[in-house]
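Structure record follows, encoded as structure tokens.
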Amino acid sequence: MKAFILAMLTCVALTSACSAMTPVLSPAGNSLVHVDWQDPQQLPPRFRNHCSVERFTGRPYCSDHCGRDYQFSFCSSVSFGCCRLGRGYCDFSGILRCSP
């Protein structure tokens, strides 16, 4: 368990200390977007539906028919979908994941 916590803290430290990454290509050849929160401008135009502002942080998001308290997340043209607000992220292989 200590090794897991140490690995997580190292990961957080490395991701927060690095500058912006260059775009990464997914296995399908599309560029990936690594995010935990996407502004409406980061989404393709067809997914910019039902946009609102999160009431606690004031950050804008779009739900694109996902439902209340859900955010639409876009990783690549082959991996996108709905996760709870602020819970969606793109893994290193370009697949959308929803953290618990």
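The values are calculated or read from the model by the stated rules, or taken from the named source; none is laboratory data. Computed from a predicted model, the values in this text were never measured in an experiment. FYI the Cβ positions are ideal-geometry reconstructions off the backbone, even for glycines, and counts take in every protein chain you see.
If you check Leu14, Leu96, Leu32, which single one turns out to be of a type in the set (A, V, I, L, M), at pLDDT below 80 and in contact with a strand residue (DSSP E or B) (Cβ under 9 Å, 6 or more places away or on another chain)? From the options Leu14, Leu96, Leu32, the qualifying one is Leu32.
Taking each residue of segment 67-86 that is farther than 15 Å from Glu54 by Cβ and looking for partners that are surrounded by fewer than 16 Cβ atoms within 10 Å (Cβ to Cβ) and small (Gly, Ala, Ser) with beta-carbon atoms closer than 6 Å, six or more apart or interchain, yields Val78/Ala28.
When the residues of segment 61-86 are filtered to those that are surrounded by fewer than 18 Cβ atoms within 10 Å (Cβ to Cβ) and small (Gly, Ala, Ser), the one that is farthest from the chain's Cα centre (by Cα) is Gly67. Pairs are defined by a Cβ separation below 6 Å, a sequence spacing of at least 6 or placement on different chains, a first member in segment 31-60 that is farther than 17 Å from Ile95 by Cβ and loosely packed, with under 14 Cβ neighbours inside 10 Å, and a second member that is at pLDDT 90 or above and of a type outside the set (A, V, I, L, M); the pairs so defined are Asp39/Pro60; Val53/Pro60.
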